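Structure first, then comments.
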Amino acid sequence: MLSREDNELLTRVGPGTPAGELLRRYWHPIAVAKELTAEKSTQFVRVLGEDLVLFRATSGRLGLVADRCAHRGASLSYGRVEERGIACAYHGWLYDFEGNCLECPAEPAGSNFHKTVKQAAYPVQEHLNLVWAYLGPLPAPVLTHYDTLFRRDGHRKIVVHPRLDCNWFQAMENSVDPAHLQILHQEFYGRGAREPVNTTRGFTDDVAHVAFHLTEHGIMKERTYTNGVTDEHPLLFPTILRQGPSTQLRTPVDDEHTLHIHVLFFPTEDHSEPADALDPPVVYLDPYKEPPDKLHPQARFNLKHIIPQDHMAWETQGPVADRTRERLATSDRGVTMLRELTAREIAKVARGEDPIGVYRDAAHAIIDTNVDEGVRQLKTDARAIGQAARDDLEALYQAQNREQRQS
Ligand code: FES
Ligand SMILES: [Fe+2]
């Protein structure tokens, strides 16, 4: 159980909030790069509670600036792009990629007024056909070179899940909550192989013990099964879960919404480097609930696969879970560890230090998150989790999903 103050501390993402400042020390995926084209050159995005417009200038370069124009507040989502940046549709104030105002067309000739105007602007970069943004203090660190995001010897697929209508920390707590797998996901866990002892326990009795330990990049959760097999899934602090071939990225949109994107990485067996290694196809998944724009209890989840079950569990905890009323148990010790780690890293940021997982050397070595072993285990029947993971992947590829390969 947390106090109301501690719950706010861990969950709020806006500018100036403790977790918001922590999250602003990392790059986050905010959009699919190919959605920004010459024909559709702007996109409204909300990131960490800030309303922004992402645009592609005529040069092809991407920019990210505050949506509300510094002049009198019209939305720059309707702006016109040119080579130098984006001009507000209303009176043409032109902003460059750093938010400098280059022109105020209706001002008298020779006026330097525009030099006094500044629009909030943030660095962006394209990687794996995603647009990544950094909303923190400059200089920006580099995008951390996790293997599944940077290795070239494999195929990738980007999967964009329906927007998650709840706070980001609920998804992250789930990442260190191994007990739920054998219960919440029991229909997929044992599908085709065997039935659980009963639906209440699910496959809980398959697990001999679980352990957690802090690592250089977050928390490692480890399950050991009664058959002796162990699986490990790292939480890469603060917003990533690594599991099998997937890297699950959770970008806080605002306090009550989260963008959920998976990067799937399948290493080649001979370490060859396919041409599309860094140019993966992007798949968008259909909504997991009906109606898609409503919250519980107006919306009902379909629970057809593992991730919809997770979304159901996370969203029905509430837009921001009320942790003043929870009853934590022994099986929640990973959750407690994550809260303590987050508080520790928030304090570091407040002292002016970099939190874990932030790298400033563009040449830093690729970080091994054990993807080879994760994929190898998937291909074998050696462990109980294998079937569930395969089913999840199968679900991701199903025909309900529409492929988006834009030129
Ligand atoms: S409101 Fe944007 S230029 Fe006037
Ligand atoms: Fe789950």
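The values are calculated or read from the model by the stated rules, or taken from the named source; none is laboratory data. Nothing here was measured: the structure is a model prediction, and the numbers come from that model. Virtual Cβ from ideal backbone geometry, glycine too; neighbours counted across all protein chains shown.
Quick notes
- Filtered residues of region 226-251 (kept if buried (at least 19 other Cβ atoms within 10 Å of the Cβ) and of a type in the set (Ser, Thr, Tyr)): 239, 246, 247, 251
- Scope region 232-248; condition part of a strand (DSSP E or B) and of a type outside the set (Ser, Thr, Tyr); matching residues: 232, 233, 234, 235, 236, 240, 241, 242, 243, 248
- Meets criteria (in contact with a Gly (Cβ under 9 Å, 6 or more places away or on another chain), in a strand (DSSP E or B) and closer than 22 Å to residue 330 by Cα) for residue 219: yes
- In the set (1) of a type in the set (A, V, I, L, M, F, W, C); (2) surrounded by fewer than 18 Cβ atoms within 10 Å (Cβ to Cβ); (3) closer than 18 Å to residue 132 by Cβ, residue 65 fails one condition alone, (2).
- Of the strands (runs of 3 or more DSSP E) lying entirely inside region 119-190, those carrying at least 1 residues that are charged (D, E, K, R) are 124-127, 154-160.
- Hey, residue 157 loosely packed, with under 14 Cβ neighbours inside 10 Å and in contact (Cβ under 8 Å) with a residue 12 or more places away in the chain or not: no
Every residue, every condition in (1) modelled with pLDDT of 95 or more; (2) more than 16 Å from ligand 1 (Cβ to nearest atom); (3) among the hydroxyl-bearing types (Ser, Thr, Tyr), yes or no:
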site: 116; (1), (2), (3): yes, no, yes
site: 127; (1), (2), (3): yes, yes, no
site: 142; (1), (2), (3): yes, yes, no
site: 145; (1), (2), (3): yes, yes, no
site: 159; (1), (2), (3): yes, yes, no
site: 189; (1), (2), (3): no, yes, yes
site: 197; (1), (2), (3): no, yes, no
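- Qualifying residue in region 34-52 (condition: crowded, with 22+ Cβ neighbours inside 10 Å and within 16 Å of ligand 1 (Cβ to nearest atom)): yes
- Among the candidates 276, 286, 332, 354, residue that is part of a helix (DSSP H, G or I), touching a residue at least 24 places away in the same chain (Cβ under 8 Å) and out of contact with any Phe, Trp or Tyr (no Cβ under 9 Å at 6 or more places or on another chain): 332
- Residues located in region 90-108, provided they are among the hydrophobic types (A, V, I, L, M, F, W, C), buried (at least 16 other Cβ atoms within 10 Å of the Cβ) and within 11 Å of ligand 1 (Cβ to nearest atom): 93, 94, 101, 104
- Among the residues of region 62-86, those that are free of Cβ contacts under 8 Å to residues at least 24 places away in the same chain and either in a loop (DSSP other than H, G, I, E, B) or touching a Pro at 6+ places or on another chain (Cβ under 8 Å) (or both) comprise 67, 72, 73, 74.
- Just one of (1) crowded, with 17+ Cβ neighbours inside 10 Å; (2) in contact with a strand residue (DSSP E or B) (Cβ under 9 Å, 6 or more places away or on another chain) fails for residue 173. It is (2).
- Checking each residue in region 53-74 for being more than 9 Å from ligand 1 (Cβ to nearest atom) and hydrophobic (A, V, I, L, M, F, W, C) picks out 53, 54, 55, 57, 62, 64, 65, 66.
- Checked across region 309-327, the condition of being closer than 25 Å to residue 294 by Cα, among the acidic types (Asp, Glu), at pLDDT 95 or above and part of a helix (DSSP H, G or I) holds for at least one residue.
- In region 357-374, the residues that are under 20 Å from residue 137 (Cα atoms) and either free of Cβ contacts under 8 Å to residues at least 60 places away in the same chain or of a type in the set (Asp, Glu) (or both): 361
- The residue that is nearest to residue 234 (Cα to Cα), among those in region 357-380 that are part of a loop (DSSP other than H, G, I, E, B) and of a type outside the set (A, V, I, L, M, F, W, C), is 369.
- Top-ranked residue in region 199-216 [being assigned to a helix (DSSP H, G or I) and surrounded by 15 or more Cβ atoms within 10 Å (Cβ to Cβ); ranked as farthest from ligand 1 (Cβ to nearest atom)]: 206
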